[in-house]
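Below: the structure, in structure tokens.
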């Protein structure tokens, strides 16, 4: 998939991203301030929190991602990178995994209990990676300055998309279907170029 480049800037919005390097935690219903996480030395570009609200993670322009105790605000771990970190995401399946995306053009998975080195590193983008999320236990989805969105298989590290072997338009020309070696059939809207539907092959 491709799209025009979207410019990303640090903003202050309900405590999620702050240009002063101090991410804030707020009550979701009222917006009331709960606490701040102090430790970054530059703008914070991304933040996330675990489903049980026990841990938080932030992505910083100081070339680090940080893990925090969401209850006390204590800094638990620092994950060093070689460029600005733009995005962090926790896995809802593997509770110990933290996903980072950065201007290194790399996507990394860290084990928060052993943060010295990433357990997985994915490459394939030619520009800074602005966002990376866990899709499920097997795949991650990434968005980059290279105008592409990619889906990677976690186990193999390969981009999930395979060669496209067939394609056909609908009679009215509004949508078209593509069939791929990755076991998927996709419908696309011709006017906006986005996925209209997805069918995956299931082994039974």
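Label separation (residue 120 vs residue 175): 3.0 nm, computed from points 7 Å beyond Cα along the C-beta direction. Sorted on the mean count of surrounding Cβ atoms within 10 Å across their residues, most packed first, peptides 166-174, 67-75 read 67-75, 166-174. Each peptide in 97-109, 146-158 gets a packing score, the mean of other Cβ atoms within 10 Å over its residues, and the list from highest to lowest is 97-109, 146-158.
If R0 is 22 Å, the Cβ-Cβ spacing of residue 138 and residue 34 corresponds to a FRET efficiency of close to 0.05.
Residues 186, 139, arranged from fewest to most other Cβ atoms within 10 angstrom of their Cβ, appear as 139, 186.
Taking the mean number of other Cβ atoms within 10 Å as a proxy for protection, how do you rank 42-48, 31-37 from highest to lowest? List each step's numbers first, then the result.
Working: 42-48: 21.6, 31-37: 13.6.
Most protected by this proxy first, the peptides run 42-48, 31-37.
As a proxy for reagent exposure, ranking 125, 81 by other Cβ atoms within 10 Å from fewest up yields 81, 125.
Every read-out reported here was derived from the displayed coordinates using simple, explicitly stated rules and does not represent laboratory data. Keep in mind the model is a prediction, meaning the values are calculated, not measured. Positions of Cβ are generated from backbone atoms using ideal geometry, with glycine treated the same way; all protein chains shown enter the neighbour counts.
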